[in-house]
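The values are calculated or read from the model by the stated rules, or taken from the named source; none is laboratory data. This one's a predicted model, so the numbers in the text were calculated from it and none came from an experiment. Note that we place each Cβ from the backbone using ideal geometry, even for glycine, and neighbour counts take in every protein chain shown. For accessibility, only protein heavy atoms count, side chains too; no ligands or nucleic acids. Shrake-Rupley method; radii C 1.70, N 1.55, O 1.52, S 1.80 Å.
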Amino acid sequence: MKLPAATWLRVVVLATALLFAAVLVYVYAIRYVAWLDSDAAVPALLAAKSLHAMSPVVTDWYYANGDVWVLTPHLIAILPVAILGLGVPALLVSTVIGFALEAVVLVKVYLRYGGELWIALLAMMATLMAWSNAHVAYTYVQLAYGFGTVLYLLTFHVFATIADDARARRRRFVVGALLVGVITVSNPTRGAVFLVAPILVGCAWPWRAFPVRRRFALAAAACLGWVVAYAVYTYRLAPIVTWSVPRGHVGVVLGGLKQIEANIAMLGRGLVLLCGGSNRSVVWAIPGLLILLGSLVLVVREALSRTFDPLRWVSVVVLGQLGVVLLPLLIANLLDSPEATRYLMSSLQAIVGLAVLIAVRTAGEVRRGWRPLAIVWLAALPIAAALAATDAAPTTTPQGIWRGGAGRIQPDGAELEKIADELVRRNLTHGFADNLSANLLTLQSHGSALTCHVGMYEFMMPLRWLGETSCYAADDLPDRFYVVAFQDEHERSAIRATLPVELERFSVGDTYEVHVFRTKDTSPAWLDLPILDRDLATFPIRIQAAHLQLRHANVTLESGQLVATGEPGTVVYGPYIDLPKGDYTASWFGGGIESTGQIVFRVTGATGNNPSQQLGQPVTLEAHAILRGRAELARIEFSAKRPVTGVEVVVESADGGRVSLSELVIERR
């Protein structure tokens with residue numbers, strides 16, 4: 001394919017290149033620290049652990065979402081961390097190197113289809129362009145989705161060249177299978193959805209000049225690579241690594257028509273975010289949405305053409321990937337927020353890149369046909385990208401989970417850097433911070449202050465998520481430890497509910513404050529949270545009534561038991577655990593207290609698109625009839641035909657009813 005000599009197209013390439021370079025300088029040279037959060041710090045932290053273990057896969061780390069980091073960005077960070085030491089400079093260098101490698105691979109792939117370097121460069125820039133705040137977060141600062149886009153596209157390219165070569169040797173099929181296996185071994189489920197299923201779509205497509213034997217050979221190579229990776233993941237990697245608690249964000253549950261309607265609305269909001277409308281009105285997202293729509297039209301047209309060539313093959317497979325990923329998003333509970341549309345980013349990024357190749361070729365055709373659309377789309381590319389890039393800025397006001405706000409929730413990286421320096425100066429080596437700041441503090445202190453994830457609910461909840469497994473071992477705590485929290489009354493109350501009065505409190509800015517505690521004055525019981533549930537649950541689950549994960553309302557604590565005050569309303573509620581499908585019994589143990597009124601016991605939980613529903617029949621007891629001493633007070637049997645989330649066992653008082661509660665037991669029948 002020859003680049004048309006038209007001056008306007010050269011202007012498009014130059015304008016896109018200048019914009020692309022400007023965003024790179026802005027993100028990496030000016031605002032990089034402002035973009036950092038705990039997840040962004042993981043590649044450097046995991047690289048340091050890999051160096052120590054002399055292995056790409058380390059076992060003393062909480063792996064999340066079912067991912068074992070194998071062929072992931074932490075491998076790129078190993079050399080910078082080895083040379084520069086653990087810290088933000090090493091992370092920045094490794095991120096820039098990773099982004100550059102992605103760009104080089106994309107140019108190499110696109111060059112095969114575009115024929116000229118300028119075309120390949122334009123396609124690469126369109127693929128990696130900062131179309132929104134989310135693209136900067138997940139493609140520039142965290143390489144995850146850009147890295148995935150490149151790996152998937154490279155694999156599709158390899159299979160496309162094999163499909164196009166009637167004389168392809170067996171070793172090329174082996175290379176394809178190995179590529180699928182190496183990528184898939186990190187997460188076979190993701191590999192099946194993002195790689196194998198789209199390749200099978202390509203093999204099953206109604207091509208006119210694609211022999212059946214070669215279709216089966218390509219499909220077999222992809223499936224063989226996946227099977228081997230699945231075996232390695234299941235029998236070699238999964239048993240030796242430590243999983244987060246819970247292992248993933250949500251359990252996948254299929255929904256009904258209401259769920260689909262809600263998902264479609266959420267998808268629309270998410271696409272607006274991906275096209276530059278995260279911090280502004282929807283109007284700002286219109287140019288990006290039009291570019292995306294034009295990309296889909298061009299790639300679909302290519303997929304439906306009559307030719308059989310590698311570009312059409314890749315177009316079909318990428319569209320297949322989009323469909324395979326989109327289907328569960330629409331019919332299940334994965335779209336829990338607009339940002340969840342990031343799961344489509346790899347497919348959409350590849351589609352925009354392919355659209356450039358197709359549009360340039362179409363713009364050079366003599367026949368009019370689609371030529372005007374291609375010209376208008378190419379001319380609009382840098383304009384839409386420039387408008388979208390104005391959304392590519394970090395959140396200006398730091399936001400905690402409880403502060404909400406539009407766009408991504410972002411910590412204050414600059415202030416956290418000062419806190420890290422102060423922690424080192426005060427010789428504070430072990431502590432806790434929210435899920436946005438924990439790993440970042442470890443990174444910014446160069447590993448001197450190990451900071452572990454906690455959630456600030458009604459109490460502090462350890463979050464075993466992408467962090468050191470040694471974080472929550474009471475025996476590993478030094479004589480003092482710290483908690484970094486927002487200067488917010490909600491977070492202060494969570495700390496007070498979990499720990500005694502602090503030894504000291506200090507701050508270095510207006511956003512965070514650091515609470516310091518003497519270890520010997522605190523109970524280590526809270527470090528055992530959360531209660532193991534989902535696939536990690538072992539039955540019976542025994543929960544003391546005074547357990548932190550049970551929320552307390554109208555009660556007093558007496559000799560380790562909770563005693564209802566007799567005030568009307570809720571006595572105890574929680575523990576908000578998730579249970580797999582099955583038959584269960586929830587039993588409360590305790591004793592009666594002389595009083596009038598009633599005590600009501602009930603169980604609720606969420607299944608599918610039902611946010612909260614009653615599980616089993618509530619039990620109502622007359623307070624005066626409850627036996628004294630310790631006995632089983634109430635037993636509620638319930639069944640779950642699908643996984644149930646947020647199980648809540650509630651005890652309520654009416655008309656002055658009082659009761660003493662000692663233990664909740666959940667059994668599987």
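Looking at the range 104-167, the trypsin sites (Lys or Arg not before Pro) that sit in a DSSP loop and have at most 15 other Cβ atoms within 10 Å of their own Cβ are 167. Radius of gyration (Cα atoms) of the chain, expressed as a multiple of 2.2 N^0.38 Å: 1.07. Secondary structure note: in the chain, about 90% of the DSSP beta bridges are antiparallel.
Think of the chain as a dipole: +1 on every Lys or Arg Cβ, -1 on every Asp or Glu Cβ, centred on the Cα centre; then among 71, 186, 355, 355 lies furthest on the positive end. The charge dipole of the chain, taken about its Cα centre with unit charges on the Cβ of Lys, Arg, Asp and Glu (plus for the first two, minus for the last two), comes to roughly 3680 debye.
May I ask you to give the percent of accessible area on the chain that is carbon plus sulfur, with a probe radius of 1.4 Å?
The value for the chain is 61 percent carbon and sulfur by accessible area.
How big is the shadow of the Cα convex hull of the range 432-491, averaged over all directions, in nm²?
With the hull built on Cα positions only, its mean projection is 4.3 nm².
Using R0 = 60 Å, the C-beta based FRET efficiency linking residue 286 and residue 519 works out to 0.60.
Rolling a 1.4 angstrom probe over the protein heavy atoms with all chains in place gives the chain an accessible area of 42 Å² per residue. With bins 5 Å wide beginning at 0, the percent of Cα pairs of the range 285-375 falling in each bin runs 3, 13, 21, 23, 17, 11, 7, 4, 1, 0. Ignoring lysines fewer than eight residues from residue 258 along the same chain, the ones with Cα atoms less than 26 angstrom from its Cα are 581, 641.
For the chain, 203, 223, 275 have no disulfide-compatible partner, since no other Cys C-beta lies under 4.7 Å from theirs. Placing pseudo-labels 7 Å out from each Cα toward the beta carbon at residue 189 and residue 446 gives an inter-label distance of 4.0 nm. In percent, rounded to a whole number, the relative contact order of the range 423-560 is 21, using alpha-carbon pairs under 8 Å and six or more apart.
Positive end of the dipole of the range 526-669 (Cβ unit charges, origin at the Cα centre): among 589, 544, 606, the Cα lying farthest that way belongs to 606. Residues whose amide H comes within less than 5 Å of that of residue 457, counting only those at least five positions distant or on another chain, are absent (H built at 1.01 Å from N in the peptide plane). When peptides 581-590, 217-226, 169-178 are sorted by average Cβ neighbour count within 10 Å, with the highest value leading, the order is 217-226, 581-590, 169-178.
Computed with a 1.4 Å probe over protein heavy atoms only, the accessible area of residue 194 comes to about 30 Å².
Calculated [222 nm] ellipticity per residue, helices only, for the chain: -14000 deg cm²/dmol; basis is -39500 (n - 2.57) per DSSP H run with n ≥ 4, divided by all residues, nearest 500.
Rg/Rh, computed from the Cα trace of the range 155-220 with Rh as the Kirkwood radius, has the value 0.96. Summarising the label geometry, the points placed 7 Å from Cα in the beta-carbon direction at residue 390 and residue 51 lie 4.3 nm from one another. Taking only the Cα atoms of the range 559-669, the radius of gyration and Dmax are 14.1, 42 Å.
Using DSSP H assignments, which helices in the chain have an axial alpha-carbon span of 20 Å or above and a mean Kyte-Doolittle hydropathy of 0.0 or higher? Helices passing the filter in the chain: 7-25, 38-53, 88-114, 144-164, 170-184, 212-232, 257-274, 286-303, 310-331, 345-363, 371-389.
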